[in-house]
Amino acid sequence: MMKKYNLAVIGGGFSGVAAAIAAAREGCQVIIIEKGNAFGGAAVNSLVNPFMPNCAKINGESTELSGGIFRNIANKLNERNSTLTYVTSRKLIEYSFMEEELKFILNDMICDAGVDVLFHAYLCAVKKDGEQIKSVTVATKGGLMEIEADYFIDATGDAQVCYLSDVPTVLGRETDHLCQPMTLCFRLGNVDSERFWAGRKKLNEKYKALLDEGKFINPRENILAVKMPIPSILHFNTTRVVKMDPTNALDVSKAEIIARKQVKEVYEFMKEHAEGLENSYLMMTAPEIGVRESRKIVGEYVLTEQDARAFTKFDDAIAACNYEIDIHNPEGTGTSHYFFPVGKYYTIPYRCLIPKTVKNMLVAGRCISSDHGAQASYRIMPTVCCIGEAAGTAIGLAVKNNVEVRKVDVKALQKTLKDNGAFLGI
Ligand SMILES: Cc1cc2nc3c(=O)[nH]c(=O)nc-3n(C[C@H](O)[C@H](O)[C@H](O)COP(=O)(O)OP(=O)(O)OC[C@H]3O[C@@H](n4cnc5c(N)ncnc54)[C@H](O)[C@@H]3O)c2cc1C
């Protein structure tokens, strides 16, 4: 048995990394457990790019809604010349980034914070005593390993620790439990980008015509390409696998096979019809298919799409968001968007991080307590990073005061977050 920690964070995506750093900053002894070999979660495992915009014009000033650790990470990427900023057709600022640099940056931040790291460790069991989580067990090359801690943060994206703890979770949308589609992202290299972008409208028209004729297995309505900091590289977020359960290993295996066929068909189509791809290469597909939505916990409060559309500001706000409600059709073709009016945003309550039936665990990231519609907005990397920072800071306060997660002093939590650069709208 390893030493006992104040906090074990399971999952090394944006939410888990921010949680671990924030808790260590509050003086906790922290271990972060990750099944892969690097931090960044979907950004590295599934090549997700770019950072989606999360800012609002408030009192005439453009205000970033994702401050704190996220801003720190983004600044470091900028300093390393590893981002590309561009303005979208809706006049929003997005920026793509080099995930290889992100891996270095997050390693340094985690190590500098004094967090212990356990890579190549797959969470497979949880031990509970009543309403207390006692330990998590991970599968490693050396066999099973048990890690004890006073508190736990589930940052697995899939609410995996909660699921294994029999904490209530729900899957997908409320009506039929279908989740947003899974997507296998890919990159092309040696592209003549100027010609590609100039010809893109025509390319999409051709693509749509063939889609309507039933020529593709991919139901996505258009080809979604993203500019990268290296001009000769293009990022594609354009495959779509629907009606599969991202928490079912057999479904995910089928999804990986279908998505790879989709990569082949869309690349072959583009090689024939796109401008600027004559000398291109398929450089890589993501190490794993990207999951937009799977389980979400049923927590002390369930954040709803209605709350988001009403720009609700909660007393126990721990993060703010106004990224569009962006729903890729869980059944096939089409993507729906609800854009927030200029200057409007909603906040995310601390209660959404608190799972029912346990006293010493919080949840961070895309699997907090919400409905399908709200999740389609706050799931972006800048926002989940802020949620993670809030979860880690909350555990820091819980450790100092030796209280269960429900008893954390929310005013003190908000003050610490704001002192560290968070925007909470209060
Ligand atoms: C295809 C796609 C496109 C997207 N596009 C954008 C975009 O353009 N911009 C944007 O900002 N956001 C985008 N998103 C959303 C965003 O990437 C995710 O919602 C966000 O990264 C989730 O962060 P997280 O920390 O909650 O989870 P994750 O990033 O998924 O991190 C969870 C971590 O936990 C680890 N883990 C999981 N299970 C276990 C286990 N059993 N044992 C050990 N470790 C485990 C995983 O390996 C992973 O590293 C997209 C998502 C997808 C899938």
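Values in this text are rule-based calculations from the coordinates and carry no lab data. In this text the structure is predicted, and so the values were computed from the model without any measurement. Please note: Cβ atoms are built from the backbone with ideal geometry, for glycine as well, and neighbour counts cover all protein chains shown.
What is the angle, in °, between the Cα long axis of helix 249-273 and the longest principal axis of the Cα atoms in the chain? Nearest 10 is fine, range 0 to 90. The answer is roughly 30 degrees. Residues of region 337-356 with backbone nitrogen within less than 18 Å of a virtual label 7 Å along the Cα-to-Cβ line of Glu61, please, listed as ranges. Correct set: 343-345. Taken over the alpha carbons of region 301-369 as equal point scatterers, the Debye sum produces base-10 log I(q)/I(0) values at 0.16, 0.26, 0.27 Å⁻¹ of -0.64, -1.17, -1.21.
About the centre of its Cα atoms, the chain shows a dipole size close to 220 debye [charges on the beta carbon of Lys, Arg (+1) and Asp, Glu (-1) only; nearest 20 debye].
Taking every DSSP bridge with both residues inside the chain, close to 75 percent are antiparallel. Here's the picture: charge each Lys and Arg Cβ at +1 and each Asp and Glu Cβ at -1 in the chain, and of Gly13, Val48, Pro229 the one pushed furthest to the positive end of that dipole is Pro229. Among Asn401, Asn248, Asn49, the largest mean-square fluctuation in a Gaussian network model of the chain, built with springs joining Cα atoms closer than 10 Å, belongs to Asn248. When +1 charges are put on Lys and Arg Cβ atoms and -1 charges on Asp and Glu Cβ atoms, the dipole computed for region 272-426 relative to its Cα centre reaches about 1000 debye. Note on region 78-214: Cα Rg divided by 2.2 N^0.38 Å, N the number of residues, gives 1.56. Along each principal axis, taking the top coordinate minus the bottom one, the Cα set of region 240-367 gives 55, 39, 25 Å in descending order.
With springs connecting C-alpha atoms under 10 Å apart, model the chain as a Gaussian network and identify which of Met270, Met361, Met381 has the largest mean-square fluctuation. Checking each option, the largest mean-square fluctuation is seen for Met270.
If you run the Gaussian network model on the chain, springs between alpha carbon atoms under 10 Å, then out of Asp176, Asp116, Asp108 the most flexible one is Asp176.
Within region 60-115, all pairs of alpha-carbon atoms sorted by distance into 10 Å bins from zero give the percentages 20, 47, 25, 7, 0. Going from the fewest other Cβ atoms within 10 Å to the most, the residues Leu123, Leu84 appear in the order Leu84, Leu123. Shape annotation for region 355-426: C-alpha extents along the principal axes are 35, 32, 17 Å, from largest to smallest. Taking every Cα-Cα distance in the chain and sorting them into 20 Å bins from zero, the calculated P(r) comes out as 27, 59, 14, 0 percent.
Between Lys202 and Arg309, what FRET efficiency follows from the Cβ-Cβ distance if R0 is 35 Å, with the result rounded to 0.05? All intermediate terms of the calculation are to be shown ahead of the outcome.
Values: r = 36 Å, r/R0 = 1.03.
About 0.45, to the nearest 0.05.
Working value for region 1-63: equivalent-ellipsoid semi-axes of 30, 19, 5 Å, each the square root of 5 times a Cα gyration tensor eigenvalue, largest first. Across region 241-288, the convex hull enclosing all Cα atoms gives 75 Å³ per residue. On a 0 to 90 degree scale, rounded to 10, what angle separates helix 14-25 from the longest Cα axis of the chain? It works out to around 30 degrees. Here is how the number arises for the chain: DSSP H runs of 4 or more residues each give -39500 (n - 2.57), the sum is divided by the residue count, and the result at 222 nm is -9500 deg cm²/dmol. Here's the list of lysines a cross-link from Lys127 could span, going by alpha-carbon distance under 18 Å and ignoring same-chain residues fewer than 8 apart: Lys3, Lys4, Lys356, Lys359. As an equivalent ellipsoid, region 203-284 spans semi-axes of 24, 17, 11 angstrom, where each value is the square root of five times an eigenvalue of the C-alpha gyration tensor, largest first. Taking only Cα atoms, what is the 0 to 90° angle, nearest 10, from helix 381-401's long axis to the longest principal axis of the chain? So the helix axis and the longest Cα principal axis differ by about 10 degrees.
Which of Thr312, Thr169, Thr175 has the fewest other C-beta atoms within 10 Å, and how do the rest follow up to the most? Walk me through the intermediate numbers first.
On the way: Thr312 16, Thr169 24, Thr175 8.
Result, fewest neighbours first: Thr175, Thr312, Thr169.
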